[in-house]
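Below is one structure, written out as structure tokens; comments come after it.
The values are calculated or read from the model by the stated rules, or taken from the named source; none is laboratory data. Note that this is a predicted model, so its numbers are computed, not measured. Positions of Cβ are backbone-derived with ideal geometry, glycine not excepted, and every protein chain shown enters the neighbour counts. Side chains are part of the model used for accessible areas, which takes the heavy atoms of the whole protein and leaves out ligands, DNA and RNA. Shrake-Rupley method; radii C 1.70, N 1.55, O 1.52, S 1.80 Å.
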Amino acid sequence: MNDRTLRFKVYRRDPGARETEGRFQEYTVPWWEGIKLLDGLRYIQEEVDYSLAVRWSCRIEDCRTCQMRVNGKVVLSCQVPLEDNMVVEPVPRYRLIRDLVVEFGEKMESSEYAKNEFEI
Amino acid sequence: MSSKTLHIVEADVIVVGSGGAGSEAAIHAKQNGAKVLILDRGTFGRSGATITAGHTCTAAVGDDDTPELHFRDTVIGGYCIADQRLVELYAREAPECLYELDGWGDGKTLRKNENGKFDLVWPPGGHSRKRSVHYGFLTGPRILWALRREIDRKRVPWMENILVTSLLVEGGRVAGVTGLDWKTGKFIVFKSKAVILAAGGFAGLWPSRLNTTAVECAGDVHGMAFEAGAEMVDMEFVQFIPAQVDPRITHINVTLTNFPAWRPNIREHGKFLNAEGMEFMGKYDDARRWNTTRDILALAIYNEVTAGRGSPHGGCYIDLTSVPKDVIDYEFNKFQGGKSIPKSYLRRCESVGFDLSREPMETGVKAHFTGGGLRTSVDMMSTIEGLYAAGETQGGVHGANRLGGNALTHVLTLGRVAGREAAAFASKTSHVSFPKKKVDAEHRRIVRWMENKNKTGESPVRIRQRMQEIMWQKVGILRNEKDLKAALDWFAEAKNERLQKARVGSSPRTFNLEWATAIILPHQLDTCMLVARAALERTESRGNHHRDDCQAIDNEHWLKNVYLWRTGTGSVSSRTEPVHVTTVDPKGVIDERPDITV
Ligand SMILES: Cc1cc2nc3c(=O)[nH]c(=O)nc-3n(C[C@H](O)[C@H](O)[C@H](O)COP(=O)(O)OP(=O)(O)OC[C@H]3O[C@@H](n4cnc5c(N)ncnc54)[C@H](O)[C@@H]3O)c2cc1C
Ligand code: FES
């Protein structure tokens with residue numbers, strides 16, 4: 001066992017409960033070899049705070065539903081190594097459902113995305 | 001709940017799931033005149049296993065191949081207990097289904113050779129012909145892309161973030177489904193004449209770190225169908241697959257064995273090694289080694305690890321370090337599309353600092369694909385009138401072991417049949433009377449978790465975590481009577497006692513993962529029970545089902561399938577029936593092990 005931990009900040013807001021302002025909540029999670037941002041968020045949801053809203057599906061860089069904004073940059077949370085002092089927010093452009101979860105809807109399959117993934 | 005506040009949506013055909021099976025089914029239902037609606041608990045067209053399917057989709061389109069050969073290989077690969085009527089149907093329809101799919105992507109859905117024909121590669125072990133149609137490393141995403149284009153073109157309506165929570169059945173006929181809209185926290189009733197369950201498999205019943213599938217494949221729909229009275233088949237057959245366990249490599253799950261690793265150069269120079277540096281495949285399938293089937297390879301790795309010859313992260317090693325570098329570059333990069341696909345296997349490895357040509361890859365086993373599911377006839381209707389099953393939710397198609405590449409084919413091809421048949425059924429029937437009582441009861445079951453704020457009580461999340469560990473320890477790759485019985489006791493206690501006393505502490509009504517866990521957990525526990533029960537019934541070892549207390553395959557007594565269903569009193573009943581045979585007599589082929597000649 002190691003006692004190394006990681007601290008980072010997560011955006012929280014519940015529009016369903018009429019919260020108009022978001023806030024950042026700080027969490028501490030244990031470090032392990034290869035830990036990714038999504039692992040840290042899932043650790044929080046399962047062990048620390050069941051109410052955290054976070055979305056993912058495949059865990060292997062295929063579905064892109066785990067997109068988030070870290071320190072201002074859009075990333076796939078299942079692939080980004082978790083680091084101290086990260087600031088984690090939902091992706092912009094989409095309607096916020098809660099915390100880090102947005103509604104992708106029609107926009108998810110934007111032609112831009114399909115192009116960059118498939119066209120030669 | 002008064003009917004005024006009840007939100008009702010009506011369609012002829014409701015399709016649950018937007019993966020390969022659900023998308024095909026919906027397109028074909030619409031094409032055949034039905035008013036159809038797709039529901040998905042995740043992001044539309046981006047959830048489930050189809051998008052993760054890396055490599056291959058099989059069909060008898062090669063010059064030396066026929067549907068009969070594909071059928072035969074599949075039957076033998078499944079240790080002769082697949083339902084031959086279903087295999088025959090899908091092997092026959094597969095080529096046409098893939099040509100149609102290719103057309104939906106303007107002839108560019110799948111890779112072609114210089115003659116404009118499908119570029120064929122060898123599928124993973126057990127196939128006797130070159131019959132994998134592909135799009136490099138992105139076959140699954142590419143197939144979904146083409147399906148999505150057709151869904152948009154045909155204006156097939158869909159709703160995402162809808163967790164389907166129960167099936168409505170009235171007088172033996174399907175009446176629709178209920179769902180929870182995660183975006184709003186609202187309960188919705190979907191009335192329909194037919195329902196197609198295309199909600200994927202149940203590998204998510206095993207712990208996340210030990211399964212390869214998408215999080216939505218949670219196993220709740222199987223328990224839901226069982227509760228509604230549907231008969232289930234082959235629930236004991238869970239495919240555990242060699243999968244990487246190196247914590248650095250989180251961007252690939254299924255390993256090299258899913259890729260063209262059997263090509264001569266790799267076969268010659270590549271090795272499977274245990275932690276002592278010993279090659280071990282000779283012990284398990286000396287003739288085929290690299291080209292063996294997944295069940296054998298998975299058990300071999302598992303045996304080496306449990307015998308104490310495992311790697312630090314609980315696997316063995318696939319060692320390609322002696323394979324010439326240009327071969328590796330071809331197989332895992334250029335073949336997969338080179339520059340046109342930014343994320344080839346090799347590039348993905350490089351991006352995390354892992355060099356295939358210098359380091360052996362740690363490979364363990366994980367729950368991957370589930371062969372069991374709803375029993376259907378050749379029109380994909382289950383034992384409940386109007387309830388159809390398609391894709392991995394359906395059982396009986398692969399028998400005791402699934403050959404690589406056959407899942408996508410099955411899912412797409414039979415999904416199409418389900419769509420056609422459900423539309424035909426809906427055109428001949430009317431809606432059944434609205435099961436108001438059941439809807440009310442389901443609504444209460446769901447909102448109870450948010451209203452009943454006990455001060456104490458365990459979170460359902462804890463119970464689910466424990467359930468997944470039990471599935472690994474007692475209903476995993478190697479089973480026995482004692483473990484299975486202990487697991488069954490645990491599932492019953494968890495459902496009837498622990499879950500009753502549990503508490504959802506978190507209050508948000510939107511995207512509340514704890515609430516969703518509470519809602520689906522009783523169905524998941526039922527599915528766990530079905531797997532353990534079927535595994536207990538089958539007192540032999542065959543394909544993906546291994547028992548250390550009955551190690552041999554027993555062809556005299558077990559060329560049969562196990563069927564399970566719920567009795568009127570709520571308990572589970574079982575029956576075995578001889579396998580459905582059309583043209584391949586199991587007795588004549590049971591010892592064949594198809595191999596390729598390279
Ligand atoms: C990592 C990986 C690699 C694979 N590679 C291959 C391969 O190379 N070749 C091959 O042939 N097969 C492969 N397979 C298997 C194959 O991908 C699957 O068997 C197949 O895609 C299943 O398709 P489906 O349409 O039945 O289900 P899925 O694609 O799993 O779709 C199910 C859908 O149902 C939805 N859903 C589930 N429950 C609910 C609910 N309660 N309410 C509403 N919606 C719900 C899900 O969100 C999902 O969108 C692979 C599988 C995995 C996991
Ligand atoms: S979870 Fe699918 S890309 Fe991250």
Checklist entry - How about segment A:63-85: which of its residues are open to solvent by 20 Å² or more (accessible area, probe 1.4 Å) and within 11 Å of chain B (Cβ to nearest Cβ)? => result A:64, A:67, A:76, A:79, A:80, A:81
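Yes/no per residue for (1) at pLDDT 95 or above; (2) assigned by TED's automatic domain parsing to the domain that holds residue B:207; (3) open to solvent by less than 10 Å² (accessible area, probe 1.4 Å):
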{"site": "B:355", "(1), (2), (3)": "no, no, no"}
{"site": "B:360", "(1), (2), (3)": "no, no, no"}
{"site": "B:373", "(1), (2), (3)": "yes, yes, yes"}
{"site": "B:385", "(1), (2), (3)": "yes, yes, no"}
{"site": "B:388", "(1), (2), (3)": "yes, yes, yes"}
{"site": "B:391", "(1), (2), (3)": "yes, yes, yes"}
{"site": "B:394", "(1), (2), (3)": "yes, yes, yes"}
{"site": "B:398", "(1), (2), (3)": "yes, yes, yes"}
{"site": "B:403", "(1), (2), (3)": "no, yes, yes"}
Checklist outcome for this item: Scanning segment B:29-44 residue by residue, those in a loop (DSSP other than H, G, I, E, B) and either farther than 11 Å from residue B:19 by Cα or within 13 Å of ligand 2 (Cβ to nearest atom) (or both) turn out to be B:32, B:33, B:34, B:35, B:41, B:42, B:43
Checklist entry - Could you say whether any residue in segment B:426-439 is open to solvent by less than 20 Å² (accessible area, probe 1.4 Å), more than 12 Å from ligand 1 (Cβ to nearest atom) and under 29 Å from residue B:86 (Cα atoms)? => result yes
Checklist entry - Are any residues in segment B:1-28 within 14 Å of ligand 1 (Cβ to nearest atom) and in a loop (DSSP other than H, G, I, E, B), and if so, which ones? => result B:17, B:18, B:19
Item to check | Pairs where the first residue, in segment B:426-453, is farther than 16 Å from residue B:12 by Cβ and the second is open to solvent by 30 Å² or more (accessible area, probe 1.4 Å), C-beta under 7 Å, 6+ apart | outcome: B:433/B:170; B:435/B:170; B:440/B:1; B:443/B:1; B:450/B:509
Item to check | Test for residue B:228: is it surrounded by fewer than 24 Cβ atoms within 10 Å (Cβ to Cβ) and under 24 Å from residue B:166 (Cβ atoms) | outcome: yes
Next on the checklist: Which count do you get for residues in segment B:466-505 that are in contact (Cβ under 8 Å) with a residue 40 or more places away in the chain and surrounded by 15 or more Cβ atoms within 10 Å (Cβ to Cβ)?
Outcome noted: 21
Checklist entry - Can you name the residue in segment B:45-59 that is in a loop (DSSP other than H, G, I, E, B) and within 7 Å of another protein chain (Cβ to nearest Cβ) and, of all such residues, is nearest to the chain's Cα centre (by Cα)? => result B:47
Item to check | Residues within segment A:12-36 that are farther than 20 Å from residue B:247 by Cβ, under 19 Å from the mean Cα position of the chain (by Cα) and more than 12 Å from chain B (Cβ to nearest Cβ), tallied | outcome: 8
Checklist entry - Hey, among B:132, B:128, B:166, which residue is touching a Cys at 6+ places or on another chain (Cβ under 9 Å) and more than 14 Å from chain A (Cβ to nearest Cβ)? => result B:132
Next on the checklist: Checking residue B:96 against (1) touching a residue at least 24 places away in the same chain (Cβ under 8 Å); (2) open to solvent by 10 Å² or more (accessible area, probe 1.4 Å): exactly one of these is not met. Which one?
Outcome noted: (1)
Checklist entry - In segment A:41-77, what residues are within 15 Å of ligand 2 (Cβ to nearest atom), hydroxyl-bearing (Ser, Thr, Tyr) and without any contact (Cβ under 8 Å) to a residue 24 or more places away in the chain? => result A:57
Item to check | Test for residue A:93: is it farther than 15 Å from residue B:47 by Cα, crowded, with 20+ Cβ neighbours inside 10 Å and away from ligand 1 (no atom under 16 Å from the Cβ) | outcome: no
Next on the checklist: Filter segment A:45-65 down to the residues that are on the phi < 0 side of the Ramachandran plot and either within 14 Å of ligand 1 (Cβ to nearest atom) or outside any loop (DSSP other than H, G, I, E, B) (or both) and list them by number.
Outcome noted: A:45, A:46, A:47, A:48, A:55, A:56, A:57, A:58, A:60, A:62, A:63, A:65
Next on the checklist: Let me spell it out: the conditions are (1) within 14 Å of another protein chain (Cβ to nearest Cβ); (2) among the polar types (S, T, N, Q); (3) crowded, with 19+ Cβ neighbours inside 10 Å; (4) more than 25 Å from residue B:168 (Cα to Cα), and residue B:541 meets all of them except one. Which number is the exception?
Outcome noted: (1)
Next on the checklist: Among the listed residues B:90, B:79, B:99, identify the single one that is closer than 30 Å to residue B:163 by Cβ and more than 16 Å from ligand 2 (Cβ to nearest atom).
Outcome noted: B:90
Item to check | Flag if residue B:58 is open to solvent by 10 Å² or more (accessible area, probe 1.4 Å) and in the same structural domain as residue B:213 (by TED's automatic domain parsing) | outcome: no
Next on the checklist: Report every pair of residues separated by at least 6 positions or lying on different chains whose Cβ atoms are under 8 Å apart, first residue within segment B:212-224 and facing chain A (nearest Cβ under 8 Å) and in contact (Cβ under 8 Å) with a residue 40 or more places away in the chain, second away from ligand 2 (no atom under 16 Å from the Cβ) and part of a loop (DSSP other than H, G, I, E, B).
Outcome noted: B:216/B:199
